[in-house]
Amino acid sequence: MSRFRLLLTRRLPPNVEARARRDYDALPNPQDTLLGPEGIAERANSHGADGILVCAGDRVTAEAVANLPPSVKVIATFSVGYEHIDVAAAKARGIIVTNTPDVLTEATADTALLLLLAAARRAHEGNKLVRDGEWRGWHTTMLLGRDPNRKRLGIYGMGRIGQAVAQRARAFGMQIHYHNRRPLPPEQALGAVYHDTLESLLTVSEFFSINAPSTPETRGLFDAERLALLPPGAIFVNTARGDMVNDEALLAALKSGHIRAAGLDVFAGEPNLHPGYAALDNVFLLPHIGSATEETRDAMGFAALDNIDAVLAGRVPPSPI
């Protein structure tokens, strides 16, 4: 009996590709070239794909969806976010779209705390000092940072990842404040203070972490006006999506010192981030590796394949969008 045909748009972790090859007639992308909307549609047609496993950098536009072969039943993204897929266009063609929630919560929360501490303790400057051979010995005012203990951490987006960030931050003695569409029940909030507006949250946030999804309503949300609401000397962290932040506004706040330091793992237009960030010493930069552990990336791939398995078997997938 012939097997279902699966298009893999990017190179995936070895364990994930091995399972895909085992269970499907899989067309991989060993060169890991970014296919673009046209390339995805072309490969799906040439392979007669029944399913497509895409990644966050793949743009599945309405035009790409329109050009997919009628055999395609499911598009599974190797990510939680799905703004790169025109979900409405897919649904109009009867194509189910799925994502991978839950499995990257812990790794992304770990990265948020890494960025928070690195920004607060001037890790980039210290690392550079040692690597450049400029360290001349210890003195009492060398690279003084900020202590997170007893500071207020504002979390924008108190979903799974936001709650995991809060859990870790409590271990550092931080006071948790948050803004969400609605307050959490007490057993989930665990004493965190709810703010009914983002503006209210910003005004108290000595440290601030973005953990909300990118949507048409949140893109560009953190502009000069809102960043100015943060207390002077605040620490700013983003592990969500770069397009939620106005780059020029954040750079201006970092240069003026209103925002003392930032830790960023995501950027608008990545990998082509605004060159202004690399020119500043008070920014700790990572290349979108929030979920980059072997365990998490395997779990993401397996979750995507679980979704594809279910759809092609005529079942409801675990994580439909």
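Structure data summary
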{"item": "Per-residue ³J(HN,Hα) for segment 143-152, Karplus 6.51 cos²θ - 1.76 cosθ + 1.60, θ = phi - 60°, Hz, x for Gly and Pro", "result": "6, 5, x, 10, 8, x, 4, 6, 8, 8"}
{"item": "For Arg121, residues with placed amide H under 5 Å, excluding near neighbours", "result": "Arg146"}
{"item": "Sites Arg315 and Ser2 - FRET efficiency at Förster radius 25 Å, r taken between beta-carbons, to 0.05", "result": "0.80"}
{"item": "Residue-by-residue Karplus 3J(HN,Hα) for segment 201-207, coefficients 6.51, -1.76, 1.60, Hz, glycine and proline x", "result": "4, 4, 5, 9, 8, 5, 10"}
{"item": "Residue-by-residue Karplus 3J(HN,Hα) for segment 67-83, coefficients 6.51, -1.76, 1.60, Hz, glycine and proline x", "result": "8, 6, x, x, 5, 5, 10, 8, 10, 10, 9, 7, 5, 7, x, 9, 5"}
{"item": "Amide H partners (placed H, <5 Å) of Phe284, local residues excluded", "result": "Ala262, Gly263, Leu264"}
{"item": "Neighbour net charge for Met174 - beta-carbon separation under 12 angstrom, K R +1, D E -1", "result": "+4"}
{"item": "Candidate lysines - alpha carbon under 21 Å from Lys128, same-chain residues fewer than 8 apart omitted", "result": "Lys255"}
{"item": "The chain, relative contact order [Cα under 8 Å, separation at least 6], %", "result": "18 percent"}
{"item": "Contact order normalised by residue count of segment 50-175, Cα under 8 Å, 6+ apart, percent", "result": "21 percent"}
{"item": "Partners for Lys91 among lysines (Cα-Cα distance below 24 Å; same-chain residues under 8 apart left out)", "result": "Lys73"}
{"item": "Computed over segment 105-285, the ratio Rg/Rh where both radii use C-alpha atoms and Rh is Kirkwood", "result": "0.97"}
{"item": "Share of alpha-carbon pairs per 20 Å distance bin for the chain, given as whole %", "result": "30, 51, 18, 1"}
{"item": "Estimated dipole of the chain in Debye, rounded to 20 [Cβ of Lys and Arg +1, of Asp and Glu -1, Cα centre]", "result": "480 debye"}
{"item": "Positive-pole candidate from His258, Leu144, Asn246, dipole of segment 105-285, charges at beta carbon", "result": "Leu144"}
{"item": "Total formal charge among the other residues, if their Cβ is under 13 angstrom from that of Pro232, Lys/Arg +1 and Asp/Glu -1", "result": "+1"}
{"item": "Linear extension gain, Arg11 paired with His258, 0.36 nm per residue minus alpha-carbon span", "result": "84.8 nm"}
{"item": "Backbone N within segment 141-156 under 16 Å of label point (7 Å from Asp281 Cα along the Cβ vector)", "result": "141-146"}
{"item": "Difference of contour (0.36 nm per residue) and Cα-Cα distance, Tyr194 to Gln167", "result": "8.2 nm"}
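Only the coordinates and a few stated rules stand behind these numbers; no lab work does. Fair warning: this is a prediction, and the values are worked out from it, not measured in the lab. Using ideal geometry, Cβ is built from the backbone for each residue, glycine included, and neighbour counts are taken over all protein chains shown.
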